[in-house]
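The values are calculated or read from the model by the stated rules, or taken from the named source; none is laboratory data. The structure displayed is predicted, hence computed values, not measured ones. Virtual Cβ from ideal backbone geometry, glycine too; neighbours counted across all protein chains shown.
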């Protein structure tokens, strides 16, 4: 079939990008809700698509943790439904064996014209390929050529951690929200936000792990948390700092729902990741820092490596399945690379020989001043900013 006009592709993608499911994204956990329920949009598909797709989704559901099962089902279905709708709108598709590489290539072109990132398109292709593998195992005549499609090249991006000055500005912003709260409820929320902030920054938790943390899994006396059923359905133990322990204790003592099982409870169950992201973004906007939960996790990892934590220990602590994932942070925080650079650059630029030493001397002076009893808060903040500037100029 000839390539479709750009306008036709755009019109169809605009229609098919609308979720066909009337099943809303879950805002919380309710025991009365059937977490194994299928999206209503599934019933709108032809029977020859609906029956195997339902079985595919059901088998996937059995391996997902209950806390985000509905969200995962909704996300997976919408990605597959997006491609299915594209094929049914543009081609006379009535059996699986009709699938063509050219159809998928047309879908990729349409998504690129929409301005979608290569990584977003790749996830559509990955999920569709998994579905095709399932169909082949079930005996459906899916062309093998579909499985040989290559993914789009994507840029290899390094983590983007916050600077020490930035993370402290956010910290002070949330602390100010606590002290200036106009009523008890706003103060409770600000204390909760600070506890979440520290769990993300001091412990490197994923936002989903922080939101779904259970009271019974918090051991303040021993200074550790038990993270249940996280990514790849794995459990792990996480140790916490004194600051995290103190703020968690404060939050648990004043939280609105004392009997809730979740540490960060809402009326519907646990606080949602979307709600927490909005709160973090708001604090970041107030203090001029582009903030989200992932950047705080990146900041934790980079700072721990800079503090000489072994990369293998960091891998276990953060719950990374592969060491390569953790090694990416080593490229962001590599003191040996910095030292080697300064040793080498002095050959090309002798005037740089004293740069690092000079900065170290200034750092020592600032640290000594920082230890001064009764130091004015304004001067305290200025010192932190100066130290941050020195780090940036030496990088």
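A single entry from 166, 188 fulfils the requirement of being in contact (Cβ under 8 Å) with a residue 12 or more places away in the chain, out of contact with any helix residue (DSSP H, G or I) (no Cβ under 6 Å at 6 or more places or on another chain) and part of a helix (DSSP H, G or I): 166.
Please enumerate the residues belonging to the range 264-296 that are on the phi > 0 side of the Ramachandran plot and surrounded by 19 or more Cβ atoms within 10 Å (Cβ to Cβ). Result: 269, single match.
Which one is nearest to residue 132 (Cα to Cα) among residues in the range 65-102 that are outside any helix (DSSP H, G or I) and touching a residue at least 12 places away in the same chain (Cβ under 8 Å)?
Taking the range 65-102 first, the residues outside any helix (DSSP H, G or I) are 65, 91-95, 99-100.
If we keep only those that are touching a residue at least 12 places away in the same chain (Cβ under 8 Å) too, we end up with 65, 91, 94-95, 99-100.
Working: 65: 24, 91: 18, 94: 16, 95: 13, 99: 10, 100: 12 Å.
Ranking the candidates gives 99 first.
Only a single item in (1) within 21 Å of the chain's Cα centre (by Cα); (2) touching a residue at least 12 places away in the same chain (Cβ under 8 Å); (3) more than 16 Å from residue 191 (Cα to Cα) is not met by residue 285, and it is number (2). All conditions in (1) closer than 30 Å to residue 52 by Cβ; (2) in a helix (DSSP H, G or I) hold for residue 141, with the sole exception of (2). Restricting attention to the range 279-302, report how many residues are within 19 Å of residue 244 (Cβ to Cβ) and assigned to a loop (DSSP other than H, G, I, E, B). Of the residues in the range 279-302, 1 are within 19 Å of residue 244 (Cβ to Cβ) and assigned to a loop (DSSP other than H, G, I, E, B).
Among the numbered criteria (1) assigned to a helix (DSSP H, G or I); (2) exposed (fewer than 14 other Cβ atoms within 10 Å of the Cβ); (3) in contact (Cβ under 8 Å) with a residue 24 or more places away in the chain, which single criterion is violated by residue 112? Going through (1) assigned to a helix (DSSP H, G or I); (2) exposed (fewer than 14 other Cβ atoms within 10 Å of the Cβ); (3) in contact (Cβ under 8 Å) with a residue 24 or more places away in the chain one by one, residue 112 breaks only (3).
Considering only residues in the range 229-269 that are farther than 20 Å from residue 201 by Cβ and outside any loop (DSSP other than H, G, I, E, B), the one that is nearest to the chain's Cα centre (by Cα) turns out to be 232. Scanning the range 58-70 for any residue that is over 30 Å from residue 214 (Cβ atoms), modelled with pLDDT of 90 or more and surrounded by 16 or more Cβ atoms within 10 Å (Cβ to Cβ) turns up nothing. Is one or more of the residues making up the range 81-94 surrounded by fewer than 13 Cβ atoms within 10 Å (Cβ to Cβ) and farther than 30 Å from residue 271 by Cα? Within the range 81-94, one or more residues are surrounded by fewer than 13 Cβ atoms within 10 Å (Cβ to Cβ) and farther than 30 Å from residue 271 by Cα.
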